[in-house]
1. Report yes if some residue within region 103-111 is modelled with pLDDT under 80 and either loosely packed, with under 11 Cβ neighbours inside 10 Å or over 30 Å from Asp130 (Cβ atoms) (or both); otherwise report no.
2. Ser87: more than 22 Å from Ala163 (Cα to Cα), crowded, with 19+ Cβ neighbours inside 10 Å and touching a residue at least 12 places away in the same chain (Cβ under 8 Å), yes or no?
3. Considering each residue of region 144-156, count those that are among the charged types (D, E, K, R), part of a loop (DSSP other than H, G, I, E, B) and within 15 Å of Asn281 (Cα to Cα), and give that number.
4. Any chance you could count how many residues in region 31-57 are closer than 17 Å to Lys136 by Cβ and more than 20 Å from the chain's Cα centre (by Cα)?
5. Answer yes or no: is there a residue in region 57-73 that is surrounded by fewer than 14 Cβ atoms within 10 Å (Cβ to Cβ), farther than 24 Å from Thr280 by Cα and either charged (D, E, K, R) or out of contact with any Pro (no Cβ under 8 Å at 6 or more places or on another chain) (or both).
6. Does region 296-309 hold any residues that are within 21 Å of Ala274 (Cβ to Cβ) and in a strand (DSSP E or B), and which are they?
7. Looking only at region 133-169, count every residue that is over 14 Å from the mean Cα position of the chain (by Cα) and not small (Gly, Ala, Ser) and tell me the total.
Amino acid sequence: MSEKYFPFDGQLVDGKSDRVYYANDFTNYFKPFFRNGIFASQGDGLMVLSLDDNMFISLMDGRSIIEGHGYQNDNKDGVKKMRIANSDIAQDRIDIVVNRLNRVDRMITTIVIKGELSDAPVPPAIVRNDDYYDLKLAEVYVRSGVDKIQQADITDFRGDEDACGWVTGLIDSINSTAFFKQYQIAYDAFVKETYNRAEDLFNDIRNLLDTDQAAYLLGLINELKTYPRVEPYVLKANQWQETADGLTYTITDNRYTYLGSYWELIAEPDMDKAEQKLLTNARIASIDDKQDGKLIIHAVGVKPTDDIHISIKIER
């Protein structure tokens, strides 16, 4: 059994410090606080983008942490550019962009790993062993005969928990379910009390109203009791519209009013990973909710090729 402690100032003993620390001491210290991944709140989160209608791609600024080792790309000396190897005349391939911890050379760099040519290409596998640890930032589909990489050829993998993942807080091991349940109980109690007060008010004034008016108010109160509600919704692949600025998707429902209700689109935590990737790559930029009866989703990424199951939270 051995006990470890860290850090303390050293004292000279026979001319040498009795507290000497190595990189491994620091990485072991940070590991319990940070999961491997990209810091979502730092810069543009190491996003990979196409560049200038050529075979180059760019890496946006951001930070990552891998096995306790930190990495930062600040682009202070210009955007980091990476060249994609020339396409083949006949076959396609898939390259991957990885943020790689290299223990052999004692560094972390972002590199492109070239894929194999094929009529049905698959991406190279990421490397995770004693010497290297990869976080896959993106896949780049290199079609035969092309001389430039377009944004539609780049698939974002930063949100994929197996390939990369986000670092969204200092602690990753606490289950937030208990905290949310506590909040939900308090919220439900507030809603119940509010409706009870509404019923008391109704009872106080219904004697002042005729039967029809009283029944109408009671109907409104009973309807409000059904809110907020969460309903399933499917974003159909064939209903995305391509525009000059990207993509749009229109949700039509007469229940929605700009001033009388609030609708929130929710990607559930247990969402299918393939659908999660489609939603991430669509890159939803904004939602136009200023028209009664419709919500218009604006996206700037890749048009989804399959249906995406989400939920809509409705409040009134």
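The values are calculated or read from the model by the stated rules, or taken from the named source; none is laboratory data. As the structure is a prediction and not an experimental result, all values here were calculated from the model. Every residue, glycine among them, receives a Cβ derived from its backbone with ideal geometry; neighbour counts consider all protein chains shown.
1. No; the residues of region 103-111 include none that is modelled with pLDDT under 80 and either loosely packed, with under 11 Cβ neighbours inside 10 Å or over 30 Å from Asp130 (Cβ atoms) (or both).
2. yes
3. 0
4. So the count comes out to 1.
5. no
6. Ile297, Ala299, Ile308, His309
7. 17
Yes/no per residue for (1) part of a strand (DSSP E or B); (2) at pLDDT 90 or above; (3) out of contact with any strand residue (DSSP E or B) (no Cβ under 8 Å at 6 or more places or on another chain); (4) among the hydroxyl-bearing types (Ser, Thr, Tyr):
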residue: Glu3; (1), (2), (3), (4): no, no, yes, no
residue: Gly10; (1), (2), (3), (4): no, no, no, no
residue: Arg19; (1), (2), (3), (4): no, no, yes, no
residue: Thr27; (1), (2), (3), (4): no, no, no, yes
residue: Asp53; (1), (2), (3), (4): no, no, yes, no
residue: Met82; (1), (2), (3), (4): yes, yes, no, no
residue: Ser87; (1), (2), (3), (4): no, yes, no, yes
